[in-house]
Amino acid sequence: MQTIPVHSDKKTEVKRIFDSIAGSYDFLNHLLSAGVDFYWRKKALNLTAMGKDAILLDVACGTGDFAIEARKQGVRHIYGADFSGNMLRHFNKKSDWIIGKNVQLAAEHLPFTGEYFTNITVAFGVRNFYDIPMAFKEFARVIKPGGKVTILEFRMPTNPLIRVLYNAYFKYILPLIGRMVSKDKSAYTYLPESVEEFDKNVDLVKLLKEAGFKSAARHNLTFGLVQVVIGVK
Ligand SMILES: C[S@@+](CC[C@H](N)C(=O)[O-])C[C@H]1O[C@@H](n2cnc3c(N)ncnc32)[C@H](O)[C@@H]1O
């Protein structure tokens, strides 16, 4: 059994950060990733091969870019879920088609009974969860048999040269630009710290299997900067 440190104040701090940076999140996200984040979401959805009649819950949806990509690929029944009210408000502004279906909730406590969803997606959110095993058990509870969970998340690249460049970018350049634009001192310092700690301690494939998913597989993208993990119930 994998042990993951649970910080009692993590929930409050993460929510505070995203409420505070919601207004600049999209701009910074696309700037700091040079737009590659769009490709990562698209690729993750292609690997999932979601049908048009899927019933999708996009957890930690933030301002909604993963759900919006799923919509572009033809999925009609989409629910967005996040615990930051400010991030959800920006999502609502970008997507009149989803209004009324976005819900404010924590991934660790899903207010749904039974096996309702065919798919759950999480892009760049799992690292922030305050209790990942608990969230994955919730996912397994509300997903239909044969349904899939798709997780897109950063990781530390293994290639030594890429790792040096990655560290320089994440530790010095990204926090500087992040601070200047978002005005939140801790937000973009927290990002690289949490990626490093996360990669050392968390095996998403193992955790999904422990939560009740029959199979789970990892795909690495862009020199291993990002992983897509797909679990099947
Ligand atoms: C980096 S953003 C990702 C947003 C979006 N998925 C994307 O691809 O741009 C992470 C989001 O996860 C949300 N979040 C973090 N922990 C959460 C939790 N335990 N339950 C629900 N939402 C959470 C934050 O509020 C934030 O909106």
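For the range 193-233, list residues with backbone N below 19 Å from a point placed 7 Å from the Cα of VAL164 toward its Cβ?
223-225
Under 5 Å between amide H atoms, partner at least 5 residues away or on a different chain: which partners does VAL226 have, H built in plane at 1.01 Å?
ARG155, LEU221
Hey, fewest Cβ within 10 Å first, where do SER84, SER194 land in order?
Fewest to most other Cβ atoms nearby, the residues stand as SER194, SER84.
For the residue pair TYR172 and LYS209, what label-to-label distance in nm results when each label sits 7 Å from Cα along the Cα-to-beta-carbon direction?
Output for this residue pair reads 4.1 nm.
Label the range 1-136 by shape, choosing from rounded, prolate and oblate, from the square roots a ≥ b ≥ c of the eigenvalues of the Cα gyration tensor; if a/c is under 1.5 it is rounded, and otherwise prolate applies when a/b is larger than b/c, oblate when it is not.
Rounded, because the longest to shortest axis ratio a/c is under 1.5.
Report the per residue volume, in Å³, of the convex hull enclosing the C-alpha atoms of the range 56-205.
It comes to 133 Å³ per residue, whole-number rounded.
So for the chain: antiparallel DSSP bridges make up what percent, rounded to the nearest 5?
Close to 45 percent.
Among MET180, MET87, MET134, MET50, what is the fewest-to-most ranking by other Cβ atoms within 10 Å?
Ascending number of Cβ neighbours within 10 Å: MET180, MET134, MET50, MET87.
Take the residue pairs LYS171/LYS200; LYS171/LYS214; LYS11/LYS93; LYS42/LYS93; LYS52/LYS200 and return only those whose Cα atoms are more than 28 Å apart.
Too far apart for the 28 Å limit: LYS171/LYS214; LYS52/LYS200.
With a/c under 1.5 counting as rounded, go ahead and sort the range 26-98 into rounded, prolate or oblate using the C-alpha gyration tensor (a ≥ b ≥ c being the square roots of the eigenvalues; past the cut-off, prolate if a/b is larger than b/c, else oblate).
It is oblate, given that a/c is not under 1.5 and a/b is not larger than b/c.
Where a number appears in this text, it was derived from the coordinates with a stated rule and is not lab data. Computed from a predicted model, the values in this text were never measured in an experiment. Cβ atoms come from the backbone with ideal geometry, glycine included; neighbour counts cover every protein chain shown.
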